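See below for the structure under consideration.
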Amino acid sequence: PKELDETLRMEYRTRLLNPRWAEAMSEQGSGGAFEISQRFTAMVGWAGTAGFQDDFVYDQSFETYVADEAMREKLREANPEAFKNVVRRMLELHGRGFWDADDERIKELQELYSELDTEVEMMSAEITSSNVN
């Protein structure tokens, strides 16, 4: 529905793609990274249930949260699991045909996801090991 698409575009532009909102969330540490992650999960949900497709929104999301090195590192450091979800959701948008991303972006996301997966596994192993001792 056209009205829903317009509402979603407005929501994404005023929150997720708004540089001030993105920066404010990233400054909140783990909780802010989690909130950003949840917005990506909702974005995939709206794409799947309402058929929302907008390469501009998805491209800008990539630019804001993945391509921007400072933002990427803030989120990764604050909450690696939440940032892993952001990357996973971007790959899902592409894999399900909602986002027509170029091959270079997809390759970058895949490599980053692999790194994050290893990083999160290592952190989990360290926590488990320290709990045993």
Could you tell me which numbered condition Ala101 fails, if it satisfies all but one of (1) in contact (Cβ under 8 Å) with a residue 40 or more places away in the chain; (2) surrounded by fewer than 21 Cβ atoms within 10 Å (Cβ to Cβ); (3) part of a helix (DSSP H, G or I)?
(3)
In the range 104-119, anything over 16 Å from Ile36 (Cβ atoms) and either of a type in the set (D, E, K, R) or open to solvent by less than 30 Å² (accessible area, probe 1.4 Å) (or both) is listed as Glu104, Arg105, Ile106, Lys107, Glu108, Glu111, Glu115, Asp117, Glu119
Among what's in the range 73-86 and is open to solvent by 40 Å² or more (accessible area, probe 1.4 Å) and touching a residue at least 24 places away in the same chain (Cβ under 8 Å), pick the residue that is farthest from Phe34 (Cα to Cα).
Lys74
So for the range 87-97 (the condition being surrounded by fewer than 19 Cβ atoms within 10 Å (Cβ to Cβ), assigned to a helix (DSSP H, G or I), β-branched (Val, Ile, Thr) and at pLDDT 95 or above), does at least one residue qualify?
no
Would you check if Met43 is within 15 Å of the chain's Cα centre (by Cα), buried (at least 18 other Cβ atoms within 10 Å of the Cβ) and without any contact (Cβ under 8 Å) to a residue 40 or more places away in the chain?
no
Based on this model, can you work out whether Leu17 counts as touching a residue at least 12 places away in the same chain (Cβ under 8 Å), surrounded by fewer than 15 Cβ atoms within 10 Å (Cβ to Cβ) and either hydrophobic (A, V, I, L, M, F, W, C) or touching a strand residue (DSSP E or B) at 6+ places or on another chain (Cβ under 8 Å) (or both)?
no
Qualifying residue in the range 121-133 (condition: surrounded by 12 or more Cβ atoms within 10 Å (Cβ to Cβ) and touching a Phe, Trp or Tyr at 6+ places or on another chain (Cβ under 7 Å)):
no
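The values are calculated or read from the model by the stated rules, or taken from the named source; none is laboratory data. None of these values were measured; they are calculated from a predicted model. Counting neighbours? That spans all protein chains shown, and the Cβs are built from the backbone with ideal geometry, glycine included. Calculation scope for accessible area: heavy atoms of the full protein, side chains included, ligands and nucleic acids excluded. Shrake-Rupley method; radii C 1.70, N 1.55, O 1.52, S 1.80 Å.
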